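Visitor: Got a structure for you, questions after.
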Amino acid sequence: MDKSSLIGSILMFVCCFVVFWMATAGNLKMLWSEKGAIMVVGGTIAVILMAMPMERIKNAIGFTKVYFFHKGKSLPDTIKQMQVLSDKARREGILSLEAEVAKLDDPFLMSGLKMAIDGVAPDAIEATLRLEVLAMQDRHKAGKKFFDLIKVYGPGIALTATLIGQIGMFSALGGSIEIMGKMLAVAVVATMYGTVMANCIAGPMGDKLAMRSAEEILTREMVLQGILSIQAGDNPRVTLDRMLAFIPTPSRAPFLKAA
């Protein structure tokens, strides 16, 4: 569970609920507009279907789990794991890593080590793993795009509903004040729906996923360099130095002391 995602989401919900409660004096029904919900929610779903292929949409929805449940290893954990593998390969030979491969839970690392153990040329290993990184980036872009569409078009669709509500309100001028009030409610509430959906939900989630994607790309680049160093038979200290280049200088101290 990603603690910051959970805490942030709960805090956002609490803030919105408290303000809604205070603004309506406890009568939350005032915030409901059937017409506004149909236009904003239905319209946003329509935009996503118009802008993205169905298979991409199915994959993107799964990225919501990544927002709350991030399973990727941190950079320091990755360095520690590669250190262990490098030390073993240096002492016992690269073939000794065959037993370790079966214990790994990272398909990217498993694939790279298997190729290294099988004696595949370093250029071929690098090319194959970089293709995997590119494919991963493409999948992540689809997930980010899903939330970006909501963030970009949600407020615009809400504005459309607002204009429709204003047209209905103006057409009722001089008539029933009740009809005018209802149409004004549609206009205002629809804007609120779009704003909340874009700024309190989709925007932050999309930005978190983009950051997670960047972290995973960096981690995989670190793993790739570690695999190439292990295959080359480099001293474990050399392997460590290559991987430490990916983390900030202050974070390197514990690894340098241990070495």
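Visitor: For residue 77, are the conditions met, namely being touching a His at 6+ places or on another chain (Cβ under 6 Å) and not small (Gly, Ala, Ser)? Break it down into steps so the answer makes sense when it comes.
Guide: Details: touching a His at 6+ places or on another chain (Cβ under 6 Å): no; not small (Gly, Ala, Ser): yes.
No; evaluated as a whole, the condition is false for this residue.
Visitor: Still on this structure, I have one more. State whether the residues of the range 88-110 include one that is modelled with pLDDT of 90 or more, of a type in the set (Phe, Trp, Tyr) and assigned to a helix (DSSP H, G or I).
Guide: yes
Visitor: Among the listed residues 159, 224, 218, 209, which satisfies the condition of being touching a Leu at 6+ places or on another chain (Cβ under 9 Å), surrounded by 15 or more Cβ atoms within 10 Å (Cβ to Cβ) and modelled with pLDDT of 80 or more? Even if it seems obvious, please write down each step before you answer.
Guide: Working: 159 fails: touching a Leu at 6+ places or on another chain (Cβ under 9 Å); 218 fails: surrounded by 15 or more Cβ atoms within 10 Å (Cβ to Cβ); 209 fails: touching a Leu at 6+ places or on another chain (Cβ under 9 Å).
Step by step, each of 159, 224, 218, 209 is checked, and only 224 is touching a Leu at 6+ places or on another chain (Cβ under 9 Å), surrounded by 15 or more Cβ atoms within 10 Å (Cβ to Cβ) and modelled with pLDDT of 80 or more.
Visitor: Continuing with this model, one more query. When you scan the range 30-47, how many residues do you find that are surrounded by fewer than 18 Cβ atoms within 10 Å (Cβ to Cβ) and either at pLDDT 90 or above or among the β-branched types (Val, Ile, Thr) (or both)? Let's see the steps before the verdict.
Guide: First pass over the range 30-47, keeping only residues surrounded by fewer than 18 Cβ atoms within 10 Å (Cβ to Cβ): 30-32, 34, 37-38, 41-42, 45-47.
Filter once more, keeping what is either at pLDDT 90 or above or among the β-branched types (Val, Ile, Thr) (or both): 38, 41-42, 45-47.
Count: 6.
Visitor: Answer yes or no: is there a residue in the range 169-185 that is of a type in the set (S, T, N, Q) and buried (at least 16 other Cβ atoms within 10 Å of the Cβ). Step through it out loud before you land on a result.
Guide: First, pick out the residues of the range 169-185 that are of a type in the set (S, T, N, Q): 171, 176.
Those still in the list that are buried (at least 16 other Cβ atoms within 10 Å of the Cβ) too: none.
So far as the range 169-185 goes, no, none of its residues is of a type in the set (S, T, N, Q) and buried (at least 16 other Cβ atoms within 10 Å of the Cβ).
Visitor: State which residue pairs qualify: first residue part of a helix (DSSP H, G or I) and inside the range 1-16, second residue exposed (fewer than 11 other Cβ atoms within 10 Å of the Cβ) in any location, beta carbons under 9 Å apart, and separation of 6 or more residues or different chains.
Guide: From the range 1-16, no pairs qualify.
Visitor: Going by the conditions given, is residue 198 aliphatic (A, V, I, L, M), in contact with a Pro (Cβ under 8 Å, 6 or more places away or on another chain), loosely packed, with under 15 Cβ neighbours inside 10 Å and closer than 30 Å to residue 135 by Cβ?
Guide: Values: aliphatic (A, V, I, L, M): yes; in contact with a Pro (Cβ under 8 Å, 6 or more places away or on another chain): yes; loosely packed, with under 15 Cβ neighbours inside 10 Å: no; closer than 30 Å to residue 135 by Cβ: yes.
The answer is no for residue 198.
Visitor: A further question on this structure: May I ask you to verify whether residue 240 is in a helix (DSSP H, G or I), crowded, with 16+ Cβ neighbours inside 10 Å, touching a residue at least 12 places away in the same chain (Cβ under 8 Å) and touching a Pro at 6+ places or on another chain (Cβ under 6 Å)? If you could, list the steps in order and put the result at the bottom.
Guide: Details: in a helix (DSSP H, G or I): yes; crowded, with 16+ Cβ neighbours inside 10 Å: yes; touching a residue at least 12 places away in the same chain (Cβ under 8 Å): yes; touching a Pro at 6+ places or on another chain (Cβ under 6 Å): no.
It is false that residue 240 is in a helix (DSSP H, G or I), crowded, with 16+ Cβ neighbours inside 10 Å, touching a residue at least 12 places away in the same chain (Cβ under 8 Å) and touching a Pro at 6+ places or on another chain (Cβ under 6 Å).
Visitor: Please determine, by comparing only the residues of the range 111-127 that are without any contact (Cβ under 8 Å) to a residue 12 or more places away in the chain and not in a loop (DSSP other than H, G, I, E, B), which one is nearest to residue 234 (Cα to Cα).
Guide: Within the range 111-127, the subset without any contact (Cβ under 8 Å) to a residue 12 or more places away in the chain is 118-121, 123-124, 127.
Going one step further and asking which of them are not in a loop (DSSP other than H, G, I, E, B), we end up with 123-124, 127.
Details: 123: 17, 124: 19, 127: 20 Å.
Only one residue tops the list, namely 123.
Visitor: Also, I was wondering about something else. Confirm whether residue 145 is under 21 Å from the mean Cα position of the chain (by Cα) and either under 17 Å from residue 231 (Cβ atoms) or outside any helix (DSSP H, G or I) (or both). Full working, then the answer.
Guide: Values: under 21 Å from the mean Cα position of the chain (by Cα): yes; either under 17 Å from residue 231 (Cβ atoms) or outside any helix (DSSP H, G or I) (or both): no.
Spelling it out, it is not the case that residue 145 is under 21 Å from the mean Cα position of the chain (by Cα) and either under 17 Å from residue 231 (Cβ atoms) or outside any helix (DSSP H, G or I) (or both).
Visitor: Can I ask one more? Of the residues 64, 78, only one is in contact (Cβ under 8 Å) with a residue 40 or more places away in the chain and either farther than 16 Å from residue 148 by Cα or out of contact with any helix residue (DSSP H, G or I) (no Cβ under 9 Å at 6 or more places or on another chain) (or both); which? Explain how you work it out, then say what you get.
Guide: Values: 64 fails: either farther than 16 Å from residue 148 by Cα or out of contact with any helix residue (DSSP H, G or I) (no Cβ under 9 Å at 6 or more places or on another chain) (or both).
None of the other options fit; the residue is 78.
The values are calculated or read from the model by the stated rules, or taken from the named source; none is laboratory data. Since we're looking at a predicted model, the values are computed, not measured. Cβ sites come from the backbone with ideal geometry, for glycine too, and all protein chains shown count toward neighbours.
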